[in-house]
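Where a number appears in this text, it was derived from the coordinates with a stated rule and is not lab data. The model shown is predicted, which means the values in this text are computed figures rather than measured ones. Ideal geometry is used to build each Cβ from the backbone, glycine not excepted, and the neighbour counts take in all protein chains shown.
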């Protein structure tokens, strides 16, 4: 059985991710999507929310292609995660030349730890190459249209999440009054 691991933060999953998942799933018998627990990135969505979004977005894809696709949270080294799930291949998506330099270093490090695990690079379709989760969140924060970058279900969840965060920020910054009439403290944006 050919098993591949496609790792990322997926905060949130974009159409670029979906494109890579679809094409990677056609190459293997089982595709494990490694959902990174990366505390340095400070994700907007919780691990559980990211896994749920991936599972929902990939369910129909898995059925259509006939490949098992599963989400697998991980916090260890990527190469160790590959061992944990039995992957012989690590799939990485490339958007631009800038991605390649970082990915090239990662492949070298991973191969030095286990040369039996191959890394395969897939380019997203041209219309998805500029999509990055970070940019999608920024566009959504600024009330831009993210319809071209995420599925309708992810768009709804992202907008709901940002609206909730905005309410908390508004309350903390003083634009919404504390129930007693005083703001507990004020955050001054830089």
Taking a ≥ b ≥ c as the square roots of the eigenvalues of the Cα gyration tensor of region 50-100, is the shape rounded (a/c under 1.5), prolate (a/b larger than b/c) or oblate? oblate
Using mean Cβ contacts within 10 Å as the protection proxy, how do 82-95, 110-123 order, highest first? 82-95, 110-123
The chain, helix-only ellipticity at 222 nm - DSSP H runs n ≥ 4, -39,500 (n - 2.57), divided by all residues, nearest 500: -14500 deg cm²/dmol
Suppose R0 equals 41 Å. What FRET efficiency, 1/(1 + (r/R0)^6) with r the Cβ-Cβ distance, do residue 147 and residue 107 give to the nearest 0.05? 0.75
Computed D for the chain, Stokes-Einstein, Kirkwood radius over alpha-carbon pairs, 20 °C, 1.002 mPa s, to the nearest µm² per second, is 118
Do you know the relative contact order of the chain, to the nearest whole percent, from alpha carbon pairs under 8 angstrom that are 6+ apart? 24
